[in-house]
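Inspection log for the structure reproduced underneath, given as structure tokens.
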Amino acid sequence: MTVPPLVSLTARRIGASLITLFFVSLAVFGIAQLMEGDVAEAILGQSATPEALAGLRAAMHLDQPAWARYLDWAGGVLVGDPGRSLITGLPVWEMIAARLGNSLTLAGLTALVSVPLALLLGIVAAVKRGTAFDRAISIATIGVVSVPEFLIATLAVMLFAVTLRWLPALSSTRDVHSMWDLLRVFALPVFSLACFVMAQMVRMTRAAVIDALDTSYAEAARLKGCSPARVVLRHALPNAVGPIANAIALSLSTLLGGVIVVEIIFNYPGVARLMVDAVATRDLPLVQTVAIIFCIAYLLLVTTADVVAILANPRLRHR
């Protein structure tokens, strides 16, 4: 039985993602073991006796070999039970679930704002390449890409929260009771994340559309008298779907790093903030599980973009 090329390519992409996830789990576990100190020292303090530390480590199974602890944790993750927090004793999934909705809300609002606006700016800049608008967009995106997320967020707080006092410096979903509250609470975090996400997406979208506009079929459409809008919408964009999908996926993947910075600066109760707190207390099961969730989110974005690129490119579909 012959496997269709599309199914074969998609299966290879998914298989590569699963292999990557396995090696990432090994790397995450290994890096977590290299952190200075452990949870026993965090709980008992610096004045704890060696006997007390040894007893607590034995009770938490921290005295087992690293390979045994990895198999125990990885096996639990595979069946949906990554264990319990070493600090609170609560199930790890329960702690993550309490924060996951907040992080998804922040990421969803950022994507809702940044993706349409970035695509619009990238397409318009490509159509008007060489103009003052195109140069302004290029300068702005290069400037934003060169600036780290924490600086953008800090400057936004200083301007809109401290100086102008238009928006709150801290963000919490508990303060949302109306649409106006939603806008005020999420304005600064979403703005900080969207700036960085959009800068990457605008540049890659502009490059993809320019490549499509420079092809022979786009030139033929122009020679036939098609309007610029028709050339872009009917000829260039359908053939730039693959690169644009990759641009969106790669840009949204930066949310995984930016959300950590933003949640810390704005004291936002999300999963990234939970992981940072877990690192401080050496709560390894929680740190490892959140890191794997971030990795899964990244791989889902990249794999989805690859599948979209395959569907949009006849040469890949029939290769």
Quiz item: Angle, helix 66-78 long axis vs. longest principal axis of the chain, Cα atoms, 0 to 90°, nearest 10?
Solution: 60
Quiz item: Put a dot 7 Å past each Cα toward the Cβ at A229 and T304; how far apart are the dots in nm?
Solution: 3.0
Quiz item: Just going by the charge dipole of the chain, with Lys and Arg at +1 and Asp and Glu at -1 on Cβ, which of A132, T215, G270 is farthest out on the positive end?
Solution: T215
Quiz item: Under 14 Å from a point 7 Å along the Cα-to-Cβ line of D214: which residues of the stretch 98-134 have their amide N that close?
Solution: 126-127, 129-130
Practice problem: Please find, in a Gaussian network model of the chain (springs between Cα atoms separated by less than 10 Å), the residue of L233, L86, L104 whose mean-square fluctuation is greatest. | Solution: L233
Self-check item: Extension gain, F150 back to T131 (0.36 nm per residue minus Cα-Cα distance, nm)
Solution: 3.7 nm
Quiz item: What order, most packed first, do the peptides 259-270, 142-153 have when packing is the mean number of other Cβ atoms within 10 Å of each residue?
Solution: 259-270, 142-153
Quiz item: Given springs between every Cα pair under 10 Å in a Gaussian network model of the chain, which of A27, A54, A309 has the largest fluctuation?
Solution: A54
Self-check item: Rounded FRET efficiency, nearest 0.05, which uses the C-beta distance separating E51 from I139 and R0 of 41 Å
Solution: 0.05
Practice problem: Specify whether the C-alpha gyration tensor of the chain places it in the rounded, prolate or oblate class, a ≥ b ≥ c being the square roots of the eigenvalues: rounded for a/c under 1.5, otherwise prolate if a/b is larger than b/c and oblate if not. | Solution: oblate
Quiz item: How much length, in nm to one decimal, is gained on full extension between V79 and A280, taken as 0.36 nm per residue of separation minus their Cα-Cα distance?
Solution: 69.6 nm
Quiz item: Whose amide H sits under 5 Å from the amide H of R84, counting only residues 5 or more places off or on another chain, with H placed in the peptide plane?
Solution: V92
Quiz item: Remind me, relative contact order of the chain in percent, using alpha carbon pairs under 8 angstrom and six or more residues apart?
Solution: 28
Quiz item: Pick from A221, A156, A199: which is most flexible by mean-square fluctuation in a GNM of the chain where alpha carbon atoms under 10 Å apart are linked?
Solution: A221
Exercise. For the stretch 69-215, list log₁₀ I(q)/I(0) at each q in 0.13, 0.17 Å⁻¹, using the Debye formula over Cα point scatterers of equal strength and ignoring solvent, two decimals each.
Key: -0.79, -0.99
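Where a number appears in this text, it was derived from the coordinates with a stated rule and is not lab data. In this text the structure is predicted, and so the values were computed from the model without any measurement. Using ideal geometry, Cβ is built from the backbone for each residue, glycine included, and neighbour counts are taken over all protein chains shown.
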